[in-house]
1. Just read off the accessible area of HIS110 with the full protein assembly in place, 1.4 Å probe, to the nearest 10 Å².
2. What FRET efficiency, computed as 1/(1 + (r/R0)^6) with R0 = 41 Å and r the Cβ-Cβ distance, is obtained for ASN115 and THR135, rounded to the nearest 0.05?
3. Per residue and in Å³, how big is the convex hull formed by the alpha-carbon atoms of the chain?
4. Once you put a point 7 Å from the Cα of ASN92 and another 7 Å from the Cα of VAL168, both along the Cβ direction, what distance in nm separates them?
5. At a Förster distance of 22 Å, what's the computed FRET efficiency of LYS262 paired with ALA223, Cβ-Cβ distance as r, to 0.05?
6. Taking a Cβ-Cβ separation under 4.7 Å as the criterion for a possible partner, which cysteines of the chain have none?
7. Beyond 17 Å, how much of the Cα-Cα pair distribution for the stretch 54-144 remains, as a whole percent?
8. Per 5 Å bin, what percent of the C-alpha pairs of the stretch 23-62 does each bin hold, from zero upward?
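The values are calculated or read from the model by the stated rules, or taken from the named source; none is laboratory data. These numbers come from a predicted model, not from an experiment. All Cβ positions, even for glycine, are placed from backbone atoms using ideal geometry, and neighbour counts span all protein chains on display. All accessible areas refer to the heavy atoms of the entire protein, side chains included, with ligands and DNA or RNA removed. Shrake-Rupley method; radii C 1.70, N 1.55, O 1.52, S 1.80 Å.
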Amino acid sequence: MIKKLLVVIILFTTSNSFATNWLHSLEDAQKLALGQNKLILVDFWASWCGPCLKMDKDSWSDPEVQSLMEAFIPVKIDFDRQKNLARSYQVNAIPDFYIMDGNGAVIYHHKGYLNAFDLIRELKKYQINIAFTNTSAIQYYQKQQYNTAFKLAERYMDFSLNISEKEVRLNFLQVAKKYLNKSEDLLVNTMSTYNLFEERIALYDLMIDVYRGKTSKVTRILAKEYPESSIDPRNQVVFYFLKSCLCKPDDSELALVSEKLKSKDVSGNFQTRLQWFSAIE
């Protein structure tokens, strides 16, 4: 099934090579975005909307904006003709501008008119190649299951740690949280591993809070709800990673926690994450 999707993506890629040409189907834009490792620009508008027309004339047509748009897949959604789609994104006034990923998760949102200067500023922030998330994004697009949603959340969490601008990093962490919540929603309570993954998702949710700087909150929750002795052995690497993130350099517990993390982190992924996390503090 993934091979079939890739064939469709290639067809879209070859037939829509000009990034400044507006698409009019979000579904088509999603396929193209997945194929080109790009984010999607979504402009909800209508022909009767004065600010929308002014934005077309003064902002979207600006040469620098046009150049920046090459990093995105742009799609215009007619507010009157695609009311269900507008309703699904809670669009009740236009112009309404979104930046989304290939699965339609919102990364940035601005309601109302944007002049060329402000639009350029925002587009520059999100002029990002998201190839790092691509395989997981396609797998989730093809089959929405708890494991594909979880993996995509994990990729976005890792991706966020390598974004220098705080505002953008926090927005990508919010997207990670959406996919993590979706993973929890898709868990089936009759699964033999239900408790394992329920705990893992909860710990990853705390990881997002740590990445957001909410260390006091996480410290309190771990102490109250997740004593070390209660953690499933298969989730202990996540637990020790969290404890490592929370330890100060002069913390007497740091050496012991670090050793425990190393013993559990066979792949080395969490030690790499710890380096990334330390670099953004």
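1. Estimated to the nearest 10 Å², HIS110 gives 50 Å².
2. Working: r = 38 Å, r/R0 = 0.92.
Efficiency for this residue pair is about 0.60.
3. On the way: hull volume 42.5 nm³, N = 281.
Hull volume over Cα atoms, normalised by residue count, gives 151 Å³.
4. With each label placed 7 Å out from Cα toward Cβ, I get 3.2 nm.
5. On the way: r = 23 Å, r/R0 = 1.05.
Computed FRET efficiency for LYS262 and ALA223: 0.45.
6. CYS245, CYS247
7. Numbers: 2274 of 4095 pairs.
Summing the P(r) of the stretch 54-144 above 17 Å gives 56 percent of all pairs.
8. Once binned at 5 Å, the Cα pair distances of the stretch 23-62 give 6, 21, 22, 18, 18, 12, 3.
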